[in-house]
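Trainee: Questions regarding the structure given below will be posed in turn.
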Amino acid sequence: MNNSKIKTPMPSQDPNVRNSNFQEVALGYTEEMAVSEAERCLNCKNKPCVSGCPVNVRIPEFIKKVTERKFEEAYEIITSTNSLPAVCGRVCPQETQCEGRCVRGIKGEPVGVGRLERFVADWHREHQEEEKNNVSSAKESNKDKRVAVVGSGPAGLACAGDLINMGYDVTVFESLHKEGGVLVYGIPEFRLPKDIVAYEIDNLKAKGVKFIRDVVIGRSLNVDDLFDQGYQAVFIGTGAGLPRFMNIEGENLVGVYSANEYLTRINLMKAYKDEYDTPIKKHKKVAVVGGGNVAMDAARCAKRMGADVHIVYRRGRDEMPARAEEIQHAEEEGIVFHLLNNPVRILGDDKNEVEKIECIKMELGEPDASGRRRPVPIQGSEFTIDVDAVIMALGTRLNNLICDTTEGLDQNDRGGIKIDEENNACTRPGVFAGGDAVTGAATVIKAMGAGKKGAAGIDAYLNK
Ligand SMILES: Cc1cc2nc3c(=O)[nH]c(=O)nc-3n(C[C@H](O)[C@H](O)[C@H](O)COP(=O)(O)OP(=O)(O)OC[C@H]3O[C@@H](n4cnc5c(N)ncnc54)[C@H](O)[C@@H]3O)c2cc1C
């Protein structure tokens, strides 16, 4: 037993080095570090950590295997409920999930469940030559039943993974030229290396999942075409990729980006690599508007592209929705925070390019519907910051394309696709949905949980 009150520290790149490269910030545990951290687990009888995990990973069991150095067995325990452990170990908000319920967290830091999950997944990737193919338990009777999955983000991948394991003939349709959803186009390389995502997708391909890229369902084909082509069920996991703007003066100027567009150019289209000709300007001074994880990712990318970066957020630090770790990393890397400030307009030069952002100072009033204190402008406190680019990171919502082109597919009151919570079935028979397309912007693990539930719903529907 290791009685340390703090987590075994995770080695990471020096902030002054990493803020000019795109390599991974956190470097991962060695075997010794992992065993030492695993020995902090109290192996509680009632396992509060498991109920904090949206896919119920059997956390104390896998951690026990780490203490015994049985890393492959630990991997098998994790992957019995979570098909993307190397991803989740890196990007899950563990502080509000498994680690948030850890008994060790009452008098000190919780056990580093995410760090251990990452270690086990990386150990497996480095030591296993071939993936075991657990499709052998698949039902023979399912093999002629074709299922279409729309979208290859975590919801679609988890759904496809479970369906192929049950023996179905599964095809994933993806609108972009690369699979992975936000894992490849949104979350930057320095938080989630893309070869890890590619490894997980290659595993699905090896099991027989077919991927068809560059197909926008609702444009190139619609859901009816998929049924006409012989698919007997469709899962929609198209995410919530439509950016929000503030509707203020100057948002059409050259040099104003949505965070999604900026991050896509950098992450998916590799604008930071000289050998790629992705059009992106190397800006000198960038304002990023917003206080969530997406704002932190955009700011940290802009920093690595060589800019002086300023985050403008209308509430205070305590109200920032970004993970504490991401805010800390951004600060360490030299990003300047303008808290309790809100943009009122963006000013351009005679070439219509961004020149300044005008902001107003804010104070916090009574709590609003979200429970956070409402920011109220302080009249007459306007000021400007000289910038040559503004990145809007204000959240995203569902693109209505599929609902608009599919008969009988209703929307819920949050604007997402309406489902039956029991089995993720939509209002159109044979169509299922899950992930951000249903809930609006959420998390990787929640999207995966929804994909798994959708797969179970499809299995029940096709075998009724
Ligand atoms: C920058 C950023 C950082 C984030 N950081 C974190 C984090 O650290 N931790 C965390 O847990 N969550 C994070 N999230 C949220 C998380 O990534 C999402 O909740 C999750 O990816 C949702 O998964 P999904 O499968 O529902 O959708 P997505 O990942 O959005 O995947 C949807 C896929 O469907 C495709 N698609 C869309 N429309 C169509 C169509 N009509 N036809 C065919 N294909 C289509 C898209 O191209 C995309 O590939 C972040 C999100 C962003 C944007």
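The values are calculated or read from the model by the stated rules, or taken from the named source; none is laboratory data. Predicted model, so just to flag it, every value in this text is computed and none were measured. Note that each Cβ is placed from the backbone with ideal geometry, even for glycine, and that neighbours are counted across all protein chains shown.
Trainee: In segment 423-464, what residues are within 15 Å of the ligand (Cβ to nearest atom) and of a type in the set (A, V, I, L, M)? If you could, list the steps in order and put the result at the bottom.
Mentor: Residues of segment 423-464 that are within 15 Å of the ligand (Cβ to nearest atom), as a first pass: 424, 426, 431-455.
Within segment 423-464, Val431, Ala433, Ala437, Val438, Ala441, Ala442, Val444, Ile445, Ala447, Met448, Ala450, Ala455 meet the criteria.
Trainee: Which one of these does Ala302 not meet: (1) in contact with a helix residue (DSSP H, G or I) (Cβ under 8 Å, 6 or more places away or on another chain); (2) surrounded by 22 or more Cβ atoms within 10 Å (Cβ to Cβ); (3) under 29 Å from Ser370 (Cα atoms)?
Mentor: Going through the list (1) in contact with a helix residue (DSSP H, G or I) (Cβ under 8 Å, 6 or more places away or on another chain); (2) surrounded by 22 or more Cβ atoms within 10 Å (Cβ to Cβ); (3) under 29 Å from Ser370 (Cα atoms), Ala302 breaks only (3).
Trainee: Given the residues Val184, Val87, which is the only one that is surrounded by fewer than 24 Cβ atoms within 10 Å (Cβ to Cβ), closer than 20 Å to Ile445 by Cβ, within 13 Å of the ligand (Cβ to nearest atom) and of a type in the set (A, V, I, L, M)? Break it down into steps so the answer makes sense when it comes.
Mentor: Numbers: Val87 fails: surrounded by fewer than 24 Cβ atoms within 10 Å (Cβ to Cβ).
On inspection, the qualifying residue turns out to be Val184.
Trainee: Within 16 Å of the ligand (Cβ to nearest atom), touching a residue at least 40 places away in the same chain (Cβ under 8 Å) and more than 30 Å from Gly290 (Cα to Cα), is that true of Leu409? Let's see the steps before the verdict.
Mentor: Working: within 16 Å of the ligand (Cβ to nearest atom): yes; touching a residue at least 40 places away in the same chain (Cβ under 8 Å): yes; more than 30 Å from Gly290 (Cα to Cα): yes.
In short, yes.
Trainee: Output the residues belonging to segment 101-126 that are within 13 Å of Ile59 (Cα to Cα) and within 22 Å of the chain's Cα centre (by Cα).
Mentor: Passing the criteria: Arg101, Gly112, Val113, Gly114, Arg115, Leu116, Glu117, Arg118, Val120.
Trainee: Considering each of Leu226, Leu221, Leu204 in turn, give the residue that is of a type outside the set (Val, Ile, Thr) and within 10 Å of the ligand (Cβ to nearest atom).
Mentor: Values: Leu226 fails: within 10 Å of the ligand (Cβ to nearest atom); Leu204 fails: within 10 Å of the ligand (Cβ to nearest atom).
Checking each option against the conditions leaves just Leu221.
Trainee: Sticking with this one: Tell me, yes or no, whether segment 241-257 has at least one residue that is buried (at least 17 other Cβ atoms within 10 Å of the Cβ), touching a residue at least 24 places away in the same chain (Cβ under 8 Å), part of a helix (DSSP H, G or I) and within 13 Å of the ligand (Cβ to nearest atom).
Mentor: Looking for residues that are buried (at least 17 other Cβ atoms within 10 Å of the Cβ), touching a residue at least 24 places away in the same chain (Cβ under 8 Å), part of a helix (DSSP H, G or I) and within 13 Å of the ligand (Cβ to nearest atom), one finds none in segment 241-257, hence no.
Trainee: Hey, among the residues in segment 128-162 that are more than 22 Å from the chain's Cα centre (by Cα) and at pLDDT 95 or above, which one's farthest from the ligand (Cβ to nearest atom)?
Mentor: We begin by selecting, within segment 128-162, every residue more than 22 Å from the chain's Cα centre (by Cα); these are 128-148.
Right, trim to at pLDDT 95 or above and you get 145-148.
Numbers: Lys145: 21, Arg146: 17, Val147: 15, Ala148: 10 Å.
It comes out as Lys145.
Trainee: When you go through (1) farther than 16 Å from Ala240 by Cα; (2) within 16 Å of the ligand (Cβ to nearest atom); (3) modelled with pLDDT of 95 or more one by one for Glu353, which number turns out not to apply?
Mentor: Only one criterion in (1) farther than 16 Å from Ala240 by Cα; (2) within 16 Å of the ligand (Cβ to nearest atom); (3) modelled with pLDDT of 95 or more is unmet by Glu353, namely (2).
Trainee: When Asp224 is evaluated against the numbered criteria (1) outside any loop (DSSP other than H, G, I, E, B); (2) in contact with a Lys or Arg (Cβ under 8 Å, 6 or more places away or on another chain); (3) modelled with pLDDT of 95 or more, which criterion, by number, is the only one it fails?
Mentor: So the condition that Asp224 fails would be (2).
Trainee: Same structure, new question: Looking only at residues in segment 282-318 that are out of contact with any strand residue (DSSP E or B) (no Cβ under 7 Å at 6 or more places or on another chain) and away from the ligand (no atom under 12 Å from the Cβ), which one is nearest to Pro377 (Cα to Cα)?
Mentor: Asp318
Trainee: Against the conditions (1) within 26 Å of Gly161 (Cβ to Cβ); (2) more than 23 Å from the chain's Cα centre (by Cα); (3) modelled with pLDDT under 95, where does Asp459 fall short? Just the number, please.
Mentor: (3)
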